[in-house]
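Peer 1: Let me give you the structure first, and then I'll get to my questions.
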């Protein structure tokens with residue numbers, strides 16, 4: 001048994017990092033991620049984390065330094081948010097291409113302009129293609145636990161891919177709740193020290209972070225892609241091993257809630273899933289056959305799980321906290337692609353909400369289920385709808 | 001679920017009060033809780049809110065609190081009568097007021113007014129009323145035992161600050177308990 005504590009999401013992540021025994025931490029503070037940097041700095045100072053804390057002048061440098069550390073075989077942690085994440089964009093691709101298994105927390109926050117420090121998913125969703133594994137957590141406990149799991153996945157020799165752990169800014173980073181902090185010995189049992197051949201080594205010199213030419217670039221990129229696909233199998237396996245040691249489980253790439261006989265399903269990402277669960281419970285009590293499908297990993301994308309969970313339902317609402325300007329919500333595009341491949345004849349609607357920190361209430365979720373039912377009852381529905389806007393607009397007409 | 005909203009100004013410790021309550025009911029009680037601030041930048045002096053949700057089971061819904069069991073107002077200048085419409089049917093507004101009797105007619109039994117600032121000034125030498133109003137809330141509501149609050153305070157306060165704030169909580173708690181038995185429910189604590 002671990003130790004019970006009342007922590008915020010940022011502090012829970014810091015505890016997860018401590019238990020992962022990193023060698024190097026390089027991060028630059030930014031709201032709403034600042035507290036994780038502060039706690040880790042304190043832990044390094046008081047000796048509870050025996051890591052080198054690299055003070056850097058920017059996020060670009062934070063991730064560059066992380067790559068340098070990872071390239072000598074060090075277990076490395078970083079964290080950022082929003083503008084900091086997009087400032088890292090160049091290095092994100094570098095790190096995944098170099099197969100450096102860095103773990104980084106991202107506090108999901110809106111992107112400027114207009115300037116906003118509040119939460120939504122536009123930062124990480126806009127970087128879905130940077131080659132990082134992306135997981136989204138629902139509460140502080142999952143955030144802590146996923147740091148340990150992330151290293152186990154990232155460092156697997158057949159994966160060697162960095163992991164971005166996404167916590168909703170403020171809603172998770174700043175909310176205090178009950179957290180179980182695992183024992184140090186249990187963490188050691190779960191996460192052995194990082195061993196890799198992908199490092200600068202005087203005894204086994206090799207060429208790293210090199211150039212490619214048209215004759216071999218595709219082969220490198222294909223290997224990188226396969227590493228990410230390998231993670232797909234490893235994620236559920238890792239969670240199973242985690243459960244056998246710590247007694248907690250999060251499922252695999254997705255988690256289905258009351259979906260077994262459901263006719264209407266809301267697909268959600270991140271902390272809003274909790275509100276969706278609460279509404280599903282209420283509607284179930286009122287006789288509705290509803291469920292929630294939580295997407296935990298956006299990359300690798302859980303295509304098979306989504307098809308299995310949704311192919312026999314009547315209608316699906318995908319809740320996006322982002323817009324891919326000129327099209328629709330990014331989560332919707334991905335879910336729709338999976339379902340289309342399965343040839344499933346399902347009503348699919350996209351709901352965009354929670355941008356720039358706007359609250360998504362239980363009434364909003366209820367409204368989503370109601371719109372699905374309306375659609376099934378023959379009342380025409382816009383393909384893309386906006387929560388809390390007050391009017392319905394569909395760009396595609 | 002018990003839903004509490006704290007109203008104060010940046011620097012007055014509303015968020016700390018919401019956390020202290022959360023620690024008390026979780027680590028020193030057997031309940032679950034979420035404690036969070038109104039999301040945004042923290043600016044000294046600017047009106048802000050904090051929230052505590054308490055339940056016997058794990059709390060999944062993280063949306064903001066709009067209907068409150070208790071509204072605790074740390075700063076009298078933030079009180080307005082419209083706040084009462086955010087209360088649930090049996091809800092109560094607990095107000096720090098320099099002249100508590102002023103609010104007797106406005107809210108009837110829905111407002112419980114106490115002069116927390118005087119107590120804070122006397123014991124802490126500073127007009128910081130977050131722990132005082134926490135004591136008042138516990139006294140009025142009985143959400144948790146005062147012992148759990150006094151113990152839990154060690155998680156966020158240390159040294160003489162902890163001792164003095166414990167005195168503040170005990171003092172106001174007793175007063176608030178006494179108020180529960182009085183019809184007027186106002187107090188001038190000296």
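Peer 1: Given the Cα-Cα distance of residue A:362 and residue A:327 and 0.36 nm per residue of separation, how much length would full extension add, in nm?
Peer 2: Full extension from residue A:362 to residue A:327 adds 9.9 nm.
Peer 1: Using a Förster distance of 41 Å, how high is the FRET efficiency between residue A:383 and residue A:249, based on the Cβ-Cβ distance and rounded to 0.05? Walk me through the numbers on the way to the answer.
Peer 2: Values: r = 35 Å, r/R0 = 0.86.
Plugging the Cβ-Cβ distance into 1/(1 + (r/R0)^6) gives 0.70.
Peer 1: If one takes the longest principal axis of the Cα atoms in chain A, at what angle in degrees, from 0 to 90 and to the nearest 10, does the Cα axis of helix A:9-19 lie?
Peer 2: It is inclined by approximately 40 degrees.
Peer 1: With 10 angstrom as the radius, rank A:176, A:87, A:250 by how many other C-beta atoms surround their C-beta, starting from the fewest.
Peer 2: A:87, A:250, A:176
Peer 1: Now a separate question. Arranged by the count of other C-beta atoms within 10 angstrom, fewest first, what order do A:264, A:111, B:137 take?
Peer 2: A:111, A:264, B:137
Peer 1: Regarding the stretch A:21-74, what is the average projected area of its C-alpha convex hull, in nm²?
Peer 2: For the Cα atoms of the stretch A:21-74, the hull's average projected area reads 3.5 nm².
Peer 1: Tell me, how many Å apart are the Cα centres for the stretch B:125-148 and for the stretch A:288-334?
Peer 2: Distance between centres, Cα-based: 45 Å.
Peer 1: Listing A:168, A:139 from the residue with the fewest other Cβ atoms within 10 Å to the one with the most, what is the order? Show your work: numbers first, answer last.
Peer 2: Working: A:168 30, A:139 25.
So the ranking, lowest neighbour count to highest, is A:139, A:168.
Peer 1: Can you list the equivalent-ellipsoid semi-axes of the stretch A:3-246, largest first and in whole Å, using the square root of 5 times each Cα gyration tensor eigenvalue?
Peer 2: Semi-axes (√(5λ), whole Å): 26, 21, 17.
Peer 1: Quick check on the stretch A:72-173: what are the equivalent-ellipsoid semi-axes from the Cα gyration tensor, as sqrt(5λ), descending, whole Å?
Peer 2: They are 22, 16, 10 Å, listed largest first.
Peer 1: Among A:41, A:344, A:380, which one shows the highest mean-square fluctuation when chain A is modelled as a Gaussian network with alpha-carbon springs under 10 Å?
Peer 2: Maximum among the listed residues: A:380.
Peer 1: Dividing the Cα radius of gyration by the Kirkwood radius, what Rg/Rh value follows for the stretch B:2-180?
Peer 2: Checking Rg against Rh, the ratio lands at 0.93.
Peer 1: Using a Debye calculation, one point per C-alpha and no hydration shell, please list log10 I(q)/I(0) for the stretch A:308-397 at q = 0.20, 0.21 Å⁻¹ in order.
Peer 2: Here log10 of I(q) over I(0) equals -1.00, -1.10.
Peer 1: Next up: How many nm is it between the label spots at residue B:80 and residue A:312, if each spot is 7 Å from the Cα in line with the beta carbon?
Peer 2: Placing both labels 7 Å beyond Cα along the Cβ direction yields 5.4 nm.
Peer 1: Need one value for A:272-278: mean number of C-beta atoms belonging to other chains within 10 Å of its residues' C-beta atoms.
Peer 2: Per-residue shielding by partner chains comes out at 4.
Peer 1: Any idea what % of Cα-Cα pairs in the protein assembly as shown are farther than 47 Å?
Peer 2: Considering the protein assembly as shown, 18 percent of its Cα-Cα pairs are separated by more than 47 Å.
Peer 1: Relative to the longest principal axis of chain A, what angle (0 to 90°, nearest 10) does the C-alpha long axis of helix A:140-154 take?
Peer 2: 60 degrees
Peer 1: In the Gaussian network model of chain A, springs joining C-alpha atoms below 10 Å, which of A:253, A:200, A:191 carries the largest mean-square fluctuation?
Peer 2: Among A:253, A:200, A:191, the largest mean-square fluctuation in the Gaussian network model of chain A belongs to A:200.
Peer 1: Using only the Cα atoms of the stretch A:199-250, each taken as one equal point scatterer with no solvent, compute I(q) by the Debye sum, divide by I(0), and report log10 of the ratio at q = 0.18, 0.25, 0.32 Å⁻¹.
Peer 2: Log-scaled intensity ratios, in q order: -0.77, -0.92, -1.09.
Peer 1: Which residue, A:64, A:340, A:78, has the most motion in a Gaussian network model of chain A that connects Cα atoms within less than 10 Å?
Peer 2: Sorting by GNM fluctuation, first place goes to A:340.
Peer 1: Mind jotting down the distance between the C-alpha centroids of the stretch A:53-70 and the stretch B:60-122, whole Å?
Peer 2: When both Cα centres are located, 48 Å separates them.
Peer 1: Which whole-percent values make up P(r) of the stretch A:126-276 when all C-alpha to C-alpha distances are grouped in 5 Å steps starting at zero?
Peer 2: P(r) for the stretch A:126-276, in whole percents per bin: 2, 7, 14, 17, 18, 15, 11, 7, 5, 2, 1, 0, 0.
Peer 1: Turning to a different aspect of this structure: Take the alpha-carbon centre of the stretch A:137-172, take the same for the stretch A:194-249, and report the distance between them in whole Å.
Peer 2: 15 Å
Peer 1: How are the C-alpha pair distances of the stretch A:1-95 spread across 5 Å bins, as whole percents from the shortest bin up?
Peer 2: In order of increasing distance, the bins hold 3, 15, 24, 24, 20, 9, 4, 2, 0 percent.
Peer 1: Send over the semi-axes of the stretch A:254-386's equivalent ellipsoid, whole angstrom and largest first, taken as the square roots of 5 times the C-alpha gyration tensor eigenvalues.
Peer 2: In descending order the semi-axes read 19, 18, 15 Å.
Peer 1: On C-alpha positions alone, give me the angle between the axis of helix A:217-246 and the longest principal axis of chain A, in degrees, nearest 10.
Peer 2: With rounding to tens, the tilt is 80 degrees.
Peer 1: Another question about this same structure. What number, in percent, do you get for the relative contact order of the stretch A:277-363 if the mean sequence gap of Cα pairs under 8 Å and at least 6 apart is divided by its residue count?
Peer 2: Values: 88 pairs, mean separation 25.3, N = 87.
Reported relative contact order: 29 percent.
Peer 1: Further, regarding this structure: Using the Cα atoms of the stretch B:1-79, I'd like the radius of gyration and the largest Cα-Cα distance, Dmax, both in angstrom.
Peer 2: Spelled out, the Cα radius of gyration and Dmax of the stretch B:1-79 are 12.3, 36 Å.
We did not get these values from a lab; they are worked out from the coordinates using the rules stated. All of these numbers come straight from a predicted model, not from anything done at the bench. Note that each Cβ is placed from the backbone with ideal geometry, even for glycine, and that neighbours are counted across all protein chains shown.
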